[in-house]
Amino acid sequence: MEEKNIFEEYKTASKGIKRIKIDEEKLTIIWPNNQKEVFLLKDLNKVALITTAEGPLEPDIFWLFMFKIPIMVPSDELIPGSLAIIEFMLNLPNFNYEKFIEAMSSTSNNAFELWQRDT
């Protein structure tokens with residue numbers, strides 16, 4: 001039986017996102033069939049940035065949102081709304097700007113934890 005790589009599955013699925021909306025209350029993902037998934041940001045526990053070596057021809061930066069389930073969203077200017085995530089994240093209290101800059105400079109497979117909810 002072939003072992004599945006869950007990261008690859010999330011990454012592949014996330015490339016199908018049609019549009020993203022984010023505001024102070026929720027993250028909304030719109031899929032090609034116009035089906036919407038809504039995640040309340042009050043339930044967000046942790047945020048990381050995942051980088052890959054696949055750029056520039058493929059998306060190579062992905063936001064990983066840890067709700068009760070992980071949500072992976074490409075940071076890709078071709079997906080309407082995805083760049084608004086950066087603006088939202090930069091305004092979170094205790095956001096790790098240094099790690100963000102390091103992540104945005106990465107061209108290899110890596111993960112950078114940028115924010116965690118205070119408990």
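Sort out for me the strands (runs of 3 or more DSSP E) sitting completely within the range 27-119 that have 3 or more residues that are under 15 Å from LYS15 (Cβ atoms) and not charged (D, E, K, R).
Those strands (runs of 3 or more DSSP E) span 61-66, 70-74.
Step by step: first the residues of the range 57-74, then only those that are free of Cβ contacts under 8 Å to residues at least 40 places away in the same chain and touching a helix residue (DSSP H, G or I) at 6+ places or on another chain (Cβ under 8 Å), then the one that is nearest to LYS21 (Cα to Cα). Which residue is that?
TRP63
For the range 68-86, check the following and say yes or no: at least one residue is in contact with a Phe, Trp or Tyr (Cβ under 7 Å, 6 or more places away or on another chain) and either charged (D, E, K, R) or at pLDDT 95 or above (or both).
The answer is no, given that none of the residues of the range 68-86 is in contact with a Phe, Trp or Tyr (Cβ under 7 Å, 6 or more places away or on another chain) and either charged (D, E, K, R) or at pLDDT 95 or above (or both).
Would you call PRO80 touching a Ser or Thr at 6+ places or on another chain (Cβ under 6 Å) and closer than 20 Å to GLU37 by Cβ? First the steps, then the outcome.
Working: touching a Ser or Thr at 6+ places or on another chain (Cβ under 6 Å): no; closer than 20 Å to GLU37 by Cβ: yes.
Here the answer is no, as PRO80 does not meet what is asked.
Within the range 99-119, how many residues are over 22 Å from ALA53 (Cβ atoms) and either out of contact with any strand residue (DSSP E or B) (no Cβ under 8 Å at 6 or more places or on another chain) or polar (S, T, N, Q) (or both)?
Residues of the range 99-119 that are over 22 Å from ALA53 (Cβ atoms), as a first pass: 115-119.
Restricting the remaining residues to those that are either out of contact with any strand residue (DSSP E or B) (no Cβ under 8 Å at 6 or more places or on another chain) or polar (S, T, N, Q) (or both) gives 116, 118-119.
Qualifying residue count for the region: 3.
Return the pairs, sorted by first residue and then second, in which the second residue is outside any loop (DSSP other than H, G, I, E, B) and surrounded by 12 or more Cβ atoms within 10 Å (Cβ to Cβ), the first residue lies in the range 98-119 and is among the β-branched types (Val, Ile, Thr), the beta carbons are less than 8 Å apart, and the residues are 6+ apart or on different chains.
Sorted first by the residue in the range 98-119, then by its partner, the pairs are THR107/THR51.
Is it the case that the range 38-56 has a residue that's closer than 21 Å to TRP115 by Cα and at pLDDT below 90? I'd like the intermediate steps shown before the answer.
Let us first name the residues in the range 38-56 that are closer than 21 Å to TRP115 by Cα, namely 38-52.
Filter once more, keeping what is at pLDDT below 90: 52.
Yes: one or more hits.
Which one of LEU64, LEU92, LEU78, LEU44 is more than 17 Å from GLU24 (Cβ to Cβ) and surrounded by 14 or more Cβ atoms within 10 Å (Cβ to Cβ)?
LEU64
The values are calculated or read from the model by the stated rules, or taken from the named source; none is laboratory data. Quick caveat: nothing in here was measured; it's all calculated off a predicted structure. Heads up, the Cβs are rebuilt from the backbone with ideal geometry, glycines too, and the neighbour counts pull from every protein chain shown.
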